[in-house]
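Beneath this line is the structure, given in C-alpha cells, with notes to follow.
Since every read-out is calculated from the coordinates, none of them should be taken as a lab result. Since we're looking at a predicted model, the values are computed, not measured. Here the Cβ positions follow ideal geometry from the backbone for every residue, glycine too, while neighbour counts run over all protein chains shown.
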Amino acid sequence: MEKRPNVLLTGTPGVGKTTLGKELAGRTGLTYMNVGELAKEGQLYDGYDEEYSCPILDEDGVVDELEEKMSEGGVIVDYHGCDFFPERWFNIIFVLRSDNSILYDRLESRGYSGKKLQDNIQCEIFQTIYEEAMESYRKEIVYQLPSNTPEDLEGNLDQIVQWVEQWIKDNN
Ligand code: DAT
C-alpha cells in the first residue's frame, strides 16, 4: 500500500485550521480529523473546567482512539494543542498564525466574549502554540503559516499540497 504522511495543523482557536484542513483533504485525498469533534462524538473527556466552562479533553483517550489510523498514515489532524500527541505520529507540523485584530473579529463572530475571548487573543500574542510545537517536535519539521486572508489560504494550500505530493514520491 502507498505510504502517505501525517500532517498536524495546530494554532490558537480561530486561526483557520478547519478551513485549511478540510480543503487540504479534498485536494490531497488525505483524511481530515478534527480532534475536538472526535472527543465530542466519543465523549472523550476527563472532567470539567469550571473556569472556562468547557469539558477537559481526555488526552490519553484521544491518543488511543487515533493510534491505529495514525500508524497507517495519510491523516490531517486539526487541534489547538499538540504536546500530548506521540511525536512519531507526524511528518510535518504547521502552526497557523493570525494578526490579533483579525483573530479578534473571527472569535467575536463565533460568539466568544469576555475572558474566553481575551485568553485566546493572549494565546496568539504569546505564540503559546508555536512554542508548544517547538518544544514537542523536532524544530526542522515545525513551520508557521500566515492565515489572515483568502490569499494566505490559497498560498498555504499550494505549498502543503506540493509538500504532500513530494513526500509521497520520496517515500514510495
Ligand atoms: P479554527 O479551525 O482554527 O478554529 P476556522 O477554520 O474555523 O478556524 O476559521 C475561523 C474563521 O475564519 C472562519 O469563519 C473562516 C475564517 N478563515 C479561516 N481562514 C481564513 C483565511 N485564510 N482568510 C480569511 N478568513 C479565514
>> 5 Å is the cut-off here: which amide hydrogens, built 1.01 Å from N in the peptide plane, fall below it relative to V75, excluding neighbours closer than 5 in sequence?
In response: N6, V7, T31
> What is the extension gain from E50 to S101, computed as 0.36 nm multiplied by their sequence separation minus the C-alpha to C-alpha distance, in nm to one decimal?
Replying inline: 15.6 nm
>> Explain nothing, just the number: dipole magnitude of the range 116-156 about its Cα centre with +1 on each Lys and Arg Cβ and -1 on each Asp and Glu Cβ, in debye rounded to the nearest 20.
In response: 120 debye
> Once the dipole of the chain is set up with Lys and Arg at +1 and Asp and Glu at -1 on Cβ about the Cα centre, which of A25, L103, Q166 lies farthest towards its positive end?
Replying inline: Q166
> Once the Cβ-Cβ distance between K169 and E131 is put in as r, and R0 is 35 Å, what FRET efficiency do you end up with, to the nearest 0.05?
Replying inline: 0.60
> Which of the aspartates and glutamates could be linked to K115 by a straight reach, that is with a Cα gap under 18 Å, when you skip same-chain ones fewer than 8 residues away?
Replying inline: D49, E50, E51, D105, E124
>> Using 0.36 nm times the number of residues separating E68 and K115, minus their current alpha carbon distance, what extension gain do you get?
In response: 13.2 nm
> So which lysines pass the test for K169, namely a Cα distance under 20 Å, with those fewer than 8 places away in the same chain ruled out?
Replying inline: K3
>> Applying a 10 Å radius around every beta-carbon, put 125-134, 1-10, 54-63 in order of their mean neighbour count, most first.
In response: 1-10, 125-134, 54-63
>> If I model the chain as equal point scatterers sitting on the Cα atoms and use the Debye formula, what is log10 I(q)/I(0) at q = 0.09, 0.12, 0.15 Å⁻¹?
In response: -0.30, -0.55, -0.87
> What order, most packed first, do the peptides 160-171, 74-85 have when packing is the mean number of other Cβ atoms within 10 Å of each residue?
Replying inline: 74-85, 160-171
